[in-house]
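What follows draws every value from the coordinates through simple rules; no lab data is involved. Bear in mind the structure is a predicted one, so any value in this text is a computation, not a measurement.
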Amino acid sequence: MGPSPGVAAKRSLPFVGSGKRPADMPVFMLLFQSVPGGASGLLAFLPMVLIFAIFYFLLVLPMQRQRKKHQQMLSALQNGQQVQTSGGLIGTVVAIDEPNELVVVRVKPDGVKLQIARSAISAVFSGEAKS
């Protein structure tokens, strides 16, 4: 007696599109299986790839450009320039401590000198401060 007809029929069915993966099938082959809707596995990932591409070009790339522009502004910082800190203070650069990444800023009206982190400078207003 051989195997029953139902068992033989189950063994002959392909696994493509059935939603099950045999133990000896490599995982990357799942990408090439057809899905019940008729689209291939790679086409099913196309919307996700497009979302990531749009996300990259609309959010990540502009942020990288902005960060690079800010780093260039900080590296070109010189004494006498009027700057604004991220906290909103406006003052004139008096001294720059390169190794410690610190900047001494003189704030009006009393000429108080504040020592701040170089990265806390958010904008440079002019090349020379007005007296």
Residues with amide H under 5 Å of SER122's amide H, sequence separation 5 or more or different chain, H placed in the peptide plane at 1.01 Å from N; which?
GLN84, THR85, SER86
Rule-of-thumb check for the stretch 78-126: C-alpha Rg over 2.2 N^0.38 Å?
0.99
Determine the gain in length on full extension of the stretch ARG65-ASP97; use 0.36 nm per residue of separation and subtract their C-alpha separation, reporting nm with one decimal.
8.9 nm
